[in-house]
Amino acid sequence: MLVDYKYYIEDFGGEKISTESAFKKTRDLADVYMYDFTSGRAESDTENEHRIKSCLCEMCDVIYNLTANDGKIIKSENTDGYSVSYVTERIDGQDAEKVLENKLYRIAKVYLGNTGLLYRGVC
């Protein structure tokens with residue numbers, strides 16, 4: 001566990017996830033992706049600690065958005081006759097898990113792209 005709910009609220013300024021239990025659920029999944037993307041190196045990296053924690057918080061927000069409403073993000077809502085439109089982000093042939101992985105990796109590239117943590121080659 002690299003980030004906690006206190007960091008999410010106070011330091012990151014997170015507002016999307018309103019309960020600690022919901023945060024823990026999304027954080028656990030974000031931790032798995034972070035471990036995979038960095039080959040486990042993020043856990044011991046102290047030089048980029050703030051970037052790693054902020055990256056995880058951003059990932060938590062995305063995971064939370066995609067898992068709320070059965071993975072649907074509300075695009076517009078009309079309460080007059082009650083109508084809801086949802087954003088569709090899937091590309092032909094991609095399932096929801098692949099879309100999530102791609103979104104999380106793009107976040108990791110923004111926060112960790114120049115740290116060497118995403119490098120998978122041999123030094």
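A short reminder: the numbers here are calculations on the coordinates, not readings from a lab. Keep in mind the model is a prediction, meaning the values are calculated, not measured. Quick reminder, even Gly has a Cβ in these numbers, built from the backbone with ideal geometry, and neighbours come from all protein chains shown.
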(Q) Of everything in the range 102-119, what is in a helix (DSSP H, G or I) and in contact with a helix residue (DSSP H, G or I) (Cβ under 7 Å, 6 or more places away or on another chain)? Give them in sequence order. (A) LYS103, LEU104, TYR105, ILE107, ALA108, TYR111, LEU112
Q | Residues that are charged (D, E, K, R) and out of contact with any Lys or Arg (no Cβ under 8 Å at 6 or more places or on another chain), drawn from the range 47-63 | A | GLU47, GLU49, ARG51, LYS53, GLU58
Q. Taking into account only those residues within the range 9-42 that are in contact with a Phe, Trp or Tyr (Cβ under 6 Å, 6 or more places away or on another chain) and under 14 Å from ILE63 (Cα atoms), which is surrounded by the fewest Cβ atoms within 10 Å (Cβ to Cβ)?
A. LYS16
